[in-house]
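The values are calculated or read from the model by the stated rules, or taken from the named source; none is laboratory data. Here the structure is a predicted model, which is why all the values come from computation and not from measurement. Note: ideal-geometry Cβ built from the backbone for every residue, glycine included; neighbour counts use all protein chains shown.
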Amino acid sequence: MKKKHISLLAFLYLLAGLYSKSFAQGGCPPNIDFEQANLGYWEMYTGSCCPISANTLGIVSGRHDLVTGVATDEFGLFPVVAPSSGLYSLKLGNKQTGAQAERARYYIHIPNGLNNYVFIFRYAVVLEDPAHAAAEQPRFEVKAFDSATGTLIPCTYSNFVASATLPGFQVSTKQSDVLFKPWSVSSIDLSGFGGKTIAVDFATGDCSLGGHFGYAYIDMNCGIFQTYYSVNCNSPATMTLNGPPGFQVYEWRDANLGLIYGNTQSITIPTPNKDTKYALILKPYAGIGCPDTLYTQVVISRLNPMDDTTICINKSVTMNAGSNSADTPLTYAWTPTTGLSCSNCAHPSAQPGVTTKYFVTITDTANCVLKDSITINVANDVKAKIYSNITDSICQYYDIKLQDTSVNGPDVSYIWFVDTGNVLAGGGTKYITADWSTPGMKKIKLRVTNGYCDAYDSIYIYVKPTPLASFEVPHNTCLNTTVELNPMLQDGSYHWKIDEQSYLDTNYAKSIYLTWNTLGKKSVHLHMNGFNGCQSDYDSTVNVHEYPDATILYINTPVQNTAVCQGQEIELQATKSVDYTYEWSPTIFFRESNQSTVHANLEKSSFIYLKINSRWGCNVADTQYITVQPCCDINTATAFTPNGDGRNDKLKIVTPGTKKIVMFIIQNRWGQKVFETNDGTQGWDGMYKGEKQEPGTYFYYIKYMCDLDNKTMEKRGNFQLLR
């Protein structure tokens, strides 16, 4: 009871727009009702049973037969043609035996967007009941499936197997083992299959043992359910709603499925005074289809004219009164007749010179009169005329001013179309400024509109190519260093203005070389004069930087003539700046080699190098030769032999370089001083107070000054006296 849809045939009828006072479903798919007097559009198959397996395509006479006329079935005595359904029905199968099966198939394409869709059919069945097992009995089957996937549509499979308990079946008076069901109606719900093609199958089968028969009649009737009623001023106080025959239960309700009006196939109700929709809930006999809900609409005859509209002067519009009366033909009377193509037709063309209200009177064949009016407003005409301050051509990238010079009312809009160009200002107004970045012929179009009337104008402007004043030059250079300027080749003359330079050549040059001997920012300007009269300018700057000072300075290190003591660490410094990077070498001499201040330790005399790189490419270097002297250390022998042989007879100070001895003392192991002097040329002969000293270990203390830097230094040690 929750489904809300109308039947397939009703949908097709509504889509066709075939309205009448009280009509039923119509507009059938081609030959679905066999009324073309043939089996066109249907597919017929034969096979065997049971189960039914009918897959051999082809019409077989005596098994797929169109029936017509007033004959009745010999077993059920019902008409072989479905009552009130046309001239033809299909008989599927026969009373012959032999385990035969027959199938009839029709493909229904559900239109896109139709999600509520019901297929209604009529059927009559004759089955012999031999009381076999159910799987062996004669039968009649109905099913629907998606033709693309073969998927069975839910709740569409019905299967009548011969049995004395079949609902709705009767026993034949001619032969007591034959059951029949006279013409009945059922439905197949195809809702939700919009855009798909559904195959509907009807099939009959004899018993599988070959001795008993089964056959059926089927028909599609486009007039079994009224879906639309039209009520006019002369309609009676009551009306009758009719449902399709052949269902077990009928239930008439309102559109919201709340109020119940009746429980019979047809009901009589008071004629409504407004458009009203009624729902009919159908429940089939057990085994054949599912419950369904169909709808019928009662519509009150009235006019629904087109809305008042506005047109431009000298334009026309077709008027429509929009009557839904089913009591046709209708007569029309339009007044006034001014500007009308006709005054008594359904859709006159109106072209009034001023705003006019037209009245229409419609009379139907039931003598009901409907009246309404339509106002046609006539809008003021508009004009468009483009004026440009440029008559024929403009340079690329240059501005052009455009204006609509026509006179219009205040409520107009301006729409400009600038071919491949840009509206720089004034878009949507009658004044705009535009330019183009590409050369060539350009079209400018203007539309002026007040919403009803339009006017157009257009002009053409040729956009000349503008020579591009452009060049490449380094933005940073060094004092007195040559830089290369590279202009772009263009069709025109070159005019340069360069700070502190004089360059007068107006011809193209691939390279121009510039040098500045002063620091600071230098301006470079190029003005291009195109041979076609178009001009352009380009500016750039060059920053001239000084070279760093790469002088190597000594810090806190007294150095005489760039000489240092061997093993002495020295501190060196260069000009410091965050814009510089430093490279000291050889790196083996330096504790750090990439700072402005570094510490070095040289073991031998050598050159050192400094390179300073500025971030603008102004790079310099310095070299310094540093002499290394062993002047700041002093040594003695580790042993001596005072035996008078002339070799190593005294312990003396070994003094390479220049030094000044302040104090030289020797002590024995008991701390007794045995020798002292301040003469660096003297030494100890192993004697103390005229006596030879014992062999053994002795200690010395030396205090001295380095002549290079006058720094006082001390040294202690021991040695061996050997005899």
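Worth a mention:
- Single residue of A333, A350, A366, A346 found to be over 30 Å from N529 (Cα atoms), touching a residue at least 60 places away in the same chain (Cβ under 8 Å) and not assigned by TED's automatic domain parsing to the domain that holds N234: A366
- Sole exception among (1) within 30 Å of Y462 (Cα to Cα); (2) assigned to a loop (DSSP other than H, G, I, E, B) for D411, by number: (1)
- Wholly enclosed strands (runs of 3 or more DSSP E) of the stretch 567-625 bearing at least 1 residues free of Cβ contacts under 8 Å to residues at least 24 places away in the same chain and farther than 30 Å from L519 by Cα: 606-614
- Restricting the first member to the stretch 652-677 and to residues that are part of a strand (DSSP E or B), and the second to residues that are at pLDDT below 90 and of a type in the set (F, W, Y), the beta-carbon pairs closer than 6 Å and six or more apart or on different chains are K659/Y704; I661/Y704; V662/Y704.
Every residue, every condition in (1) in a loop (DSSP other than H, G, I, E, B); (2) surrounded by 14 or more Cβ atoms within 10 Å (Cβ to Cβ), yes or no:
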residue	(1), (2)
Y452	yes, yes
V463	no, yes
T477	no, yes
E484	no, no
S493	no, yes
Y513	no, no
V524	no, yes
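- Positions within the stretch 32-56 being within 53 Å of the chain's Cα centre (by Cα), surrounded by 13 or more Cβ atoms within 10 Å (Cβ to Cβ) and among the small types (G, A, S), in sequence order: S53, A54
- Of residues in the stretch 121-160 being of a type in the set (A, V, I, L, M, F, W, C), buried (at least 22 other Cβ atoms within 10 Å of the Cβ) and touching a Leu at 6+ places or on another chain (Cβ under 9 Å), the one nearest to L209 (Cα to Cα): L127
- Residue check for L651: surrounded by 14 or more Cβ atoms within 10 Å (Cβ to Cβ), modelled with pLDDT under 90 and closer than 26 Å to T712 by Cα: no
- Whether a residue is free of Cβ contacts under 8 Å to residues at least 24 places away in the same chain and either under 16 Å from N242 (Cα atoms) or touching a helix residue (DSSP H, G or I) at 6+ places or on another chain (Cβ under 8 Å) (or both) was assessed, and Q265 passes this test.
- Index of the failed condition, P167 passing every other in (1) in contact with a strand residue (DSSP E or B) (Cβ under 7 Å, 6 or more places away or on another chain); (2) closer than 25 Å to Q248 by Cβ; (3) of a type outside the set (S, T, Y): (1)
- Subset of the stretch 57-71 (residues that are at negative phi and loosely packed, with under 13 Cβ neighbours inside 10 Å): L57, S61, V70, A71
- Residue list for the stretch 436-450, restricted to those being surrounded by 14 or more Cβ atoms within 10 Å (Cβ to Cβ) and either in contact (Cβ under 8 Å) with a residue 40 or more places away in the chain or assigned to a loop (DSSP other than H, G, I, E, B) (or both): W436, P439, I444, L446, R447, V448, T449, N450
- When every residue of the stretch 545-561 is checked against the conditions, at least one turns out to be in a strand (DSSP E or B) and closer than 19 Å to E484 by Cβ.
- If you go through the stretch 363-384 and keep only what is touching a strand residue (DSSP E or B) at 6+ places or on another chain (Cβ under 7 Å) and either small (G, A, S) or exposed (fewer than 14 other Cβ atoms within 10 Å of the Cβ) (or both), you end up with V369, K371, S373, T375, A379, A384.
- Failed condition for P642, given (1) surrounded by 15 or more Cβ atoms within 10 Å (Cβ to Cβ); (2) in contact (Cβ under 8 Å) with a residue 24 or more places away in the chain; (3) in contact with a Ser or Thr (Cβ under 8 Å, 6 or more places away or on another chain): (3)
- Counting only strands (runs of 3 or more DSSP E) that sit completely within the stretch 24-121, those holding 2 or more residues that are among the aromatic types (F, W, Y) correspond to 42-48, 100-109.
- Subset of the stretch 273-322 (residues that are among the small types (G, A, S) and either more than 17 Å from T361 (Cα to Cα) or more than 47 Å from the chain's Cα centre (by Cα) (or both)): A279, A286, G287, G289, S301, S316
- Any hit, the stretch 308-331, residues being surrounded by 17 or more Cβ atoms within 10 Å (Cβ to Cβ) and in contact with a Cys (Cβ under 6 Å, 6 or more places away or on another chain): yes
- Residue list for the stretch 265-301, filter: basic (K, R) and surrounded by 16 or more Cβ atoms within 10 Å (Cβ to Cβ): none
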